[in-house]
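Notes follow once the structure below has been shown.
The values are calculated or read from the model by the stated rules, or taken from the named source; none is laboratory data. Computed from a predicted structure; not experimentally measured. A quick note on method: Cβ atoms are made from the backbone with ideal geometry, for glycine too, and the neighbour counts reach across all protein chains shown. What goes into the accessible areas is simple: the full protein's heavy atoms, side chains included, and nothing from ligands, DNA or RNA. Shrake-Rupley method; radii C 1.70, N 1.55, O 1.52, S 1.80 Å.
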Amino acid sequence: ARVLLQRRSAVSMDGATTMGLDRFAAVLRRLLPGGGPPFDAFPWTPRIHLALFVHRVEGLQPGIYALPRTDAGAALMRSTFSRDFAWLRPPGIPDEVPLLLLAHADCGRIARQLSCGQDIASDGCFSLGMLAEFDAALAEGGPAAYRRLFWEAGAIGQALYLEAEAAGVRGTGIGCFFDDGVHELLGLEGGIDAPARDAPGPPAARAGAIPLQSLYHFTVGGPVDDPRLTTHPGYPWESR
């Protein structure tokens, strides 16, 4: 109850706080479909996978990582991402957490640029982009699957909020980001804004295949509190 009630969105990150490797792995474990609530509420196939920008995790080299949330997602990411990536299992990560190193890099500047120049994407312990199996979701559920993808992304975000609070740090969603830039970084082709290569007509024409589409971003780190904000009990029973 305490974690649920104190959950807040960070407005700024301190650029110094680190997270232990064990805690980081525990956070990622809770984002997997088999990790329990809230993901057990979804009756459809999980379609969201994560590309992570690791900045300040003790025992883990900074870099770009992938966290496929299903075996099918792992195969899709390997087949659609850049062939230059390493796809290595980092040491110290439990076997049940399918984290994979794509490239060692100081990726703070990259993460900031992809999130519309926002420092929160680079000044935390890590940030991430949520990648949706766009074509597969629509093939399974029709047009209504578009909102299902956002529901799933929202559930991942809420799990991150609570896990961050429990870890003594804080998270926040990042709604402003350049999806085309994310696709280019990862080597993905197409996207919902990309014109079909050989299709006649205006640029608004959609690409023929969208295997993975960047849908939302999130960041976790040490918060810098805004002294102008005050907190009051949201429910009468809190005061008791």
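For S214, list long-range residues whose amide hydrogen, built 1.01 Å from N in the peptide plane, is under 5 Å from its own amide hydrogen.
It is A132, by chain and number.
Provide the packing ranking of 223-236, 89-102, 124-137, i.e. peptides ordered by the mean count of other C-beta atoms within 10 Å per residue, highest first.
124-137, 89-102, 223-236
Put a dot 7 Å past each Cα toward the Cβ at A209 and E140; how far apart are the dots in nm?
1.9 nm
Let me check against my output: what whole-number percent is the relative contact order of the chain, with C-alpha pairs under 8 Å and at least 6 apart?
Once normalised by length, the contact order is 27 percent.
Only residues of the range 213-232 count here: report those whose backbone N is under 18 Å from the spot 7 Å along Cα→Cβ of E189, or say none.
Only 213-214 pass the distance filter.
List the residues whose amide H sits under 5 Å from the amide H of A105, counting only those 5 or more places along or on another chain, with H placed 1.01 Å from N in the peptide plane.
Residues meeting the amide H criterion: G63, I64.
Calculate one ³J(HN,Hα) per residue across the range 169-179 by plugging θ = phi - 60° into the Karplus curve 6.51 cos²θ - 1.76 cosθ + 1.60, and present them in order as whole Hz with x for glycine and proline.
My calculation for the range 169-179 gives 10, 8, x, 7, x, 10, x, 9, 7, 9, 5 Hz in order.
With every protein chain kept in the model, how would you rank H183, H55, H104 by accessible area, 1.4 Å probe, largest at the top?
On the way: H183 5, H55 30, H104 100 Å².
Listed by decreasing accessible area, they come as H104, H55, H183.
Given N residues in the chain, what is its alpha carbon radius of gyration divided by 2.2 N^0.38 Å? Mind showing how you got there, number by number?
Values: Rg = 18.3 Å, N = 240, 2.2 N^0.38 = 17.7 Å.
Its radius of gyration relative to the 2.2 N^0.38 Å reference: 1.03.
May I ask which residue of G35, A137, L21 lies farthest towards the positive end of the charge dipole of the chain, with charges of +1 (Lys, Arg) and -1 (Asp, Glu) on Cβ and the Cα centre as origin?
So the residue we want is G35.
With +1 on the Cβ of every Lys and Arg and -1 on the Cβ of every Asp and Glu, and nothing else charged, how large is the dipole of the chain about its Cα centre, in debye rounded to the nearest 20? Let's see the in-between values first.
On the way: 21 positive and 26 negative charges, 85 e Å.
In total the dipole reaches around 400 debye.
Taking H as built 1.01 Å from N, whose amide H comes closer than 5 Å to the amide H of L50, not counting residues under 5 places away?
L67, R69, L131
Tell me the carbon and sulfur percent of the accessible area for the range 77-121, rounded to whole percent, probe radius 1.4 Å.
Working: 1210 of 2480 Å².
The C+S portion of the solvent-accessible surface of the range 77-121 is 49 percent.
Apply the Karplus parameterisation 6.51 cos²θ - 1.76 cosθ + 1.60, with θ equal to phi minus 60°, to every residue of the range 222-227 and state each ³J(HN,Hα) to the nearest whole Hz, in sequence, with x for glycine and proline.
Coupling constants for the range 222-227: x, x, 10, 6, 8, x Hz.
How big is the charge dipole of the range 1-52 about its Cα centre, in debye rounded to the nearest 20, if each Lys and Arg gets +1 on its Cβ and each Asp and Glu gets -1 on its Cβ? If you can, show how the numbers build up before the last one.
Numbers: 7 positive and 3 negative charges, 25 e Å.
I would put it at about 120 debye.
On a full-extension model of 0.36 nm per residue, what is the gain between Q61 and W87, subtracting their alpha-carbon distance, rounded to one decimal in nm?
On the way: separation 26, 0.36 × 26 = 9.36 nm, distance 1.41 nm.
Net length gain for the segment: 7.9 nm.
Rolling a 1.4 Å sphere over the protein heavy atoms, what is the accessible area per residue of the range 66-148, to the nearest Å²? Walk me through the numbers before you get to the answer.
Values: 3840 Å² over 83 residues.
Counting only protein heavy atoms, the per-residue value for the range 66-148 is 46 Å².
Over the range 11-129, how many percent of alpha carbon pairs lie in each 10 Å bin up to the one with the longest distance?
13, 43, 36, 9
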